[in-house]
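Scroll down for the structure; my scribbles are underneath it.
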Amino acid sequence: LEAGVRVLRFILLLIVGLFFLANVVAVVEMAEVQQHNYRIVGNALASLADIARITQDLAEERILVDEHIFEKTADDRTRLEREIDRLDADYRRAARAYTPLATFPGERPVWERLQAQVEANRAPVADVLRLSRLNEDVQASERLQELRAGYDAISKDSEELIRINRNVANQAAARMNALQRQGLLALGGITVAGTALTLVAVAWVMRMAARRRDEIDHWADLLESRNRELDAFAGRVAHDLRGPLTTIGFSADELARRAPPGERTSEVLRRAIARMETLIADLLALSRVDAQTTTRAASDAAAVASTVEEDLAASVKKVDGHLRVDVEPATVRCSEGLLRQALWNLAENAVKYRRPEVPVEVAIEGREHDPSYEFRVSDNGAGMSREDARRVFEPFFRAEHTRATPGTGLGLSIVRRVVEANGGKIAVESQLGQGTTFILTLPLSGGS
Ligand SMILES: Nc1ncnc2c1ncn2[C@@H]1O[C@H](COP(=O)(O)OP(=O)(O)O)[C@@H](O)[C@H]1O
Ligand SMILES: [Mg+2]
């Protein structure tokens with residue numbers, strides 16, 4: 001499943017990435033095409049303005065030439081000629097502006113033909129004006145009449161230019177509209193598809209995760225109920241063994257009294273019975289931890305530590321050791337009885353697994369360690385290997401090199417259970433042949 005989720009996450013990223021890329025490409029492409037269309041439309045509009053100006057200049061010029069013939073005074077004629085010159089200058093300016101724009105298919109030849117016609121008209125027009133100034137009105141009119149075909153050709157060509165530009169502009173505008181529609185559709189499509197895919201993938205991941213959570217919950221429940229059953233069973237067995245063991249104890253005492261002096265068997269029997277009693281007591285303690293734990297249980301760290309100190313003082317003294325207790329007062333979450341048992345088990349181990357060659361040093365320390373409380377039980381004893389340290393909290397585990405010392409291997413399991421049942425945790429730091437420190441963390445009472 002982990003791998004599945006990883007692959008899925010990759011696919012999701014890929015989809016999002018592709019989706020993003022497709023959008024960018026679409027937008028960039030659209031922008032480019034639109035830019036091109038804008039240029040075309042811009043060109044067409046500018047061309048149309050220029051052509052309109054050219055057409056108007058030429059048409060006006062024709063009218064003025066006509067008027068020239070009918071004017072009688074020299075002054076009026078001069079005025080008209082100046083006007084004609086002005087129109088001609090304006091025509092040239094418009095033509096210069098328009099020439100570089102005449103790039104649409106079929107446009108340039110028409111434009112060149114128009115310009116050529118304008119040039120061809122110049123000499124006859126000058127002729128007309130000359131005749132008109134000489135008052136040869138009839139001849140001038142005739143000459144002007146001959147120019148009609150040329151003027152018609154010019155206006156036809158300018159109409160043709162307008163038609164070409166208007167067509168191109170219309171086509172470009174149509175393309176722009178179509179593209180806008182297509183772009184919107186494409187973007188919409190990509191967005192909808194990408195979103196749908198993403199949603200499907202997310203839904204799938206969530207379903208997988210939920211199924212997995214259900215599975216974990218199921219197994220956790222099962223495990224917990226099995227554990228409870230096992231505890232109850234171990235507790236009952238331990239309890240049931242106690243009765244016969246008491247009887248065996250009495251009988252052993254009786255046998256010892258009757259035995260001849262120096263007889264060792266009853267001594268061996270007594271020791272075996274004692275070991276059995278410890279084992280049963282430990283098993284009962286272990287099976288009762290959860291039942292004894294309530295969430296509201298609390299005790300004073302310093303008070304409990306001092307009772308442990310009292311209990312332990314004698315055995316430390318017996319081996320010429322030294323016990324130091326430095327525990328800050330605080331209310332921790334754990335019943336008094338269980339906390340005493342946990343600290344006692346740790347301290348007892350510290351004395352039990354001492355090194356014979358050095359006087360035992362045991363320290364029990366306790367400090368508030370926001371947001372919890374931390375006990376440290378340390379010794380300068382036999383220590384343990386890293387491998388053993390990892391397994392010490394397993395029930396019945398005993399390190400190879402300590403097997404000669406009697407024990408059940410249940411003490412630390414009880415400690416761990418006490419701590420964990422109260423929402424705390426336990427750790428060990430140890431160095432073989434140097435010493436060991438157990439770190440026991442419990443929540444402060446009153447805190448959550
Ligand atoms: N303070 C310690 N120093 C060295 N070894 C220890 C210490 N405490 C525990 N151990 C090791 O962990 C084992 C398990 O300890 P515990 O659960 O208390 O059981 P027991 O003391 O009955 O053997 C011990 O047998 C010993 O090998
Ligand atoms: Mg022990």
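Tabulated data for the structure shown
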item: Fluctuation leader among LEU80, LEU432, LEU18 - the chain, Gaussian network, Cα springs under 10 angstrom; result: LEU80
item: Cα gyration tensor shape of region 77-141, rounded if a/c is under 1.5, else prolate or oblate by comparing a/b with b/c; result: oblate
item: Formal net charge of residues neighbouring ALA3 (Cβ-Cβ distance under 14 Å; K, R +1; D, E -1); result: +2
item: C-alpha long axis of helix 301-318 to longest principal axis of the chain, angle in °; result: 40 degrees
item: Relative contact order, percent, region 174-289 [alpha-carbon distance under 8 Å, six or more residues apart]; result: 30 percent
item: Rounded tilt (10° steps) of 265-292 against the dominant C-alpha axis of the chain; result: 30 degrees
item: Residue exposure sequence - GLU142, GLU309 - by fewest surrounding Cβ within 10 Å; result: GLU142, GLU309
item: Dipole magnitude of region 278-411, debye to nearest 20 (Cβ charges: Lys/Arg +1, Asp/Glu -1, about Cα centre); result: 400 debye
item: Candidate lysines - alpha carbon under 19 Å from LYS317, same-chain residues fewer than 8 apart omitted; result: LYS352
item: Summed residue charge, Cβ within 13 Å of ALA123's Cβ, Lys/Arg positive, Asp/Glu negative; result: 0
item: Where labels lie 7 Å past Cα in the beta-carbon direction, separation of GLU277 and LYS318 in nm; result: 1.4 nm
item: Computed [θ] at 222 nm, deg cm²/dmol, the chain (DSSP H ≥ 4; -39,500 (n - 2.57); rounded to nearest 500); result: -26000 deg cm²/dmol
item: Rg/Rh for the chain, where both radii come from Cα atoms and Rh is the Kirkwood radius; result: 1.65
item: Crossing angle, helix 137-146 versus the chain [Cα axis fit, 0-90 degrees, rounded to tens]; result: 40 degrees
item: Fewest-first sequence of ILE248, ILE426, ILE51 by Cβ atoms within 10 Å of each Cβ; result: ILE248, ILE426, ILE51
item: Burial ranking of peptide ranges 211-218, 59-66 (average Cβ count within 10 Å, highest at the top); result: 59-66, 211-218
item: Relative contact order of region 50-158, defined on C-alpha pairs under 8 angstrom at six or more residues apart (%); result: 35 percent
item: Among 369-376, 179-186, the order from most to least packed when residues are scored by Cβ within 10 Å on average; result: 369-376, 179-186
item: Ascending count of other beta-carbon atoms within 10 Å, so fewest first, for PHE397, PHE19; result: PHE397, PHE19
item: Spin-label model distance (nm) - GLN431 vs GLU263, 7 Å beyond Cα toward Cβ; result: 5.3 nm
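The numbers here are math on the coordinates, done by the rules we state, and not lab data. Just so we're clear, the structure is a prediction, and the values are computed from it rather than from any experiment. Here the Cβ is made from the backbone with ideal geometry for all residues, glycine too, and neighbour counts use every protein chain on show.
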